[in-house]
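Here, each number is a calculation from the coordinates, and none is a lab measurement. These numbers were taken from a predicted model, which means no experiment stands behind them. All Cβ positions, even for glycine, are placed from backbone atoms using ideal geometry, and neighbour counts span all protein chains on display.
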Amino acid sequence: MRGHRYPALMLICFILFPALLHAEERIVEVRFMGNFTIPDETMMSMGGIVVGASASSDAMEDIRQRLLETRRFERVEVTRRYRSIGSGEDVVLLITVREKQPVAHKFMFLPILSGSDEYGFSYGIRTTAKDLLGWGERLSVPATWGGIRQAALEGEFGLNNPVAQTLTTRVGVSQKENPFYDTGDFRKEIRAAVTRRFDRFEIGAETGWTDVDFGSEQDDFAVFGANFVLDTRQDINLPRDAVYTGIGWKRLSFLRGRAGINVYTLDLRGYKGLFGQTVLAAQVFYSTADAPLPAFERPFLGGANTLRGWKPGSFIGDSIATASLELRIPLSPLRTAYHTGIDFFVDTGAVYDHGRSLWDARFRQGVGAGGYFLIAGFGIKVDVAYNMRDSFRVHFSTGFRF
């Protein structure tokens, strides 16, 4: 009988010994990282974590899910560490979290002050929220009064696919006074555009709808368009040794019986650094339509943004061509938060109706000098120009037009 005891004892050891080697892992300590505003005790409670409880893979996943279900974290990682090599059942939980930003902290408020002598100054506020919906988007609500009155909801969404990188949207209303017709222009608009950037190149497409009340005239139309841009500017406020080329097409499809119209634009700019900080800047702009445009879409000539020396909205047509040459001389040191300087310029431009040729159009000129002040994205520019005929005129704008 004694000989039969040894096999039984060996069988018992064979069964129990592995169990002793693989004793259940238990939580002996918990360490948190990334919980900047939430105390560790609150983290323990939200995760249902108890020292001495099981540290199995299922238990760790349960802790992670409970923390995520609180909706206070963007990301939760639960990993385990051992106190020592010889203490395999004593587990230290390392929990790393990324807290969600409080909703109130996602909003920014920026003042708006922009305009030129064509429409006057516009002032207001832009409210911007980043990742408010959790899609990584940027939402903005600009609201302005003054020369251009507007209220809109704008969105920017990252797509990051081979076709498009960015989707921008806009829904809004606006009102301004047309300087040529002295008539109110009230619009309701919906816009959506996608863009794709390749180094210095950018291509884009847009679509939208506009409802316009222009004096006694009412109309609405759909917009389809595409554009191509080459932009080597490092600083859009004070570019130097750079070029900009913009080519665009859009189709206006009217919804009340009017035939559709195609509009084509070309925008060429160049900036050459000369001595010191001095820059010679030039622009050629051309826009033409393949049919007569309605009054509310016709471009006008005259004013700070087209032809200085002439009253804003002096001339109007279906097509417009302008060219400008400026010598810009900064006066402030290069490495300062603000920029001041003077400039000397010559402008020329013409507008003409459909059916006429650019070569038959009458070009008018303006020459003059001005000064500017730029700081933190805000600028003011004042120019005094002579129309090469009989009068001088003062123009203002919030920064350079090109």
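Remark on the chain: hydrodynamic radius 26.8 angstrom, per the Kirkwood mean of 1/r across alpha carbon pairs. Ignoring aspartates and glutamates fewer than eight residues from K311 along the same chain, the ones with Cα atoms less than 16 angstrom from its Cα are D117, E118, E177, D182, D347, D383, D390. Loop-located chymotrypsin sites (Phe, Trp or Tyr not before Pro) across the stretch 271-343 with a Cβ neighbour count of 12 or fewer within 10 Å are F275, with loop assigned by DSSP. Stretching the chain fully between F344 and K188 yields a gain of 52.2 nm (0.36 nm per residue, less the alpha carbon separation). Ordered by the count of other Cβ atoms within 10 Å of each Cβ, fewest first, L274, L167 give L274, L167. Amide H to amide H, with H built 1.01 Å from N, G260 comes under 5 Å of F254, counting only residues 5 or more places away or on other chains. Each Lys and Arg contributes +1 and each Asp and Glu -1, all at the Cβ; summed about the Cα centre of the chain, the dipole is approximately 640 debye.
Per residue of the chain, what 222 nm ellipticity follows from adding -39500 (n - 2.57) for every DSSP H run with n ≥ 4, rounded to the nearest 500? Dividing the helical sum by the residues of the chain leaves -3500 deg cm²/dmol. Set the Cα radius of gyration of the stretch 216-370 against 2.2 N^0.38 Å, with N its number of residues, and you get 1.22. Which whole-angstrom value gives the distance between the alpha carbon centres of the stretch 49-73 and the stretch 320-373? Between the Cα centre of the stretch 49-73 and that of the stretch 320-373, the gap is 65 Å. Along the stretch 174-182 the Karplus relation, 6.51 cos²θ - 1.76 cosθ + 1.60 evaluated at θ = phi - 60°, assigns HN-Hα couplings of 8, 8, 8, 10, 5, x, 7, 8, 6 Hz to successive residues, with x for each Gly and Pro. A cut-off under 11 angstrom between Cβ atoms defines the neighbours of V284, and their net charge, with Lys, Arg +1 and Asp, Glu -1, is 0. Within a straight-line Cα-Cα reach of under 18 Å, K100 can be paired with the following lysines, leaving aside sequence neighbours fewer than 8 residues apart in one chain: K130. When the Cα positions of L293, F392, V51 are compared along the charge dipole of the chain, V51 comes out farthest toward the positive end, with charges on each C-beta of Lys, Arg, Asp and Glu. Computed 3J(HN,Hα) for the stretch 114-124, one whole-Hz value per residue from the Karplus formula 6.51 cos²θ - 1.76 cosθ + 1.60 where θ = phi - 60°, is 8, x, 7, 6, 5, 10, x, 6, 10, 9, x, glycine and proline marked x.
In plain terms, the residue of E99, E189 with the fewest other Cβ atoms within 10 Å comes first and the most crowded comes last, giving E99, E189. Which pairs in the list K106/K272; K272/K381; K106/K250; K250/K381; K106/K381 are over 29 Å apart, alpha-carbon to alpha-carbon? From the list (K106/K272; K272/K381; K106/K250; K250/K381; K106/K381), the Cα-Cα distance tops 29 Å for K106/K272; K106/K250; K250/K381; K106/K381. If R0 is taken as 60 Å, the Cβ-Cβ distance between L167 and R389 corresponds to a FRET efficiency of 0.80. Using 0.36 nm per residue and subtracting the Cα-Cα separation, the extra length available between D353 and A291 on full extension is 21.4 nm. Structural descriptor for the chain: relative contact order 8 percent, calculated from alpha carbon pairs under 8 angstrom and at least 6 residues apart. Each of L374, L68, L153 has some number of other Cβ atoms within 10 Å of its Cβ, and from fewest to most they run L153, L68, L374. Residues whose amide H comes within less than 5 Å of that of L159, counting only those at least five positions distant or on another chain, are T166, L167 (H built at 1.01 Å from N in the peptide plane).
Each residue of the stretch 198-206 is assigned a 3J(HN,Hα), and the resulting list reads 10, 6, 8, 9, 9, 10, x, 9, 9 Hz, derived from the Karplus form 6.51 cos²θ - 1.76 cosθ + 1.60 (θ = phi - 60°), x at Gly and Pro.
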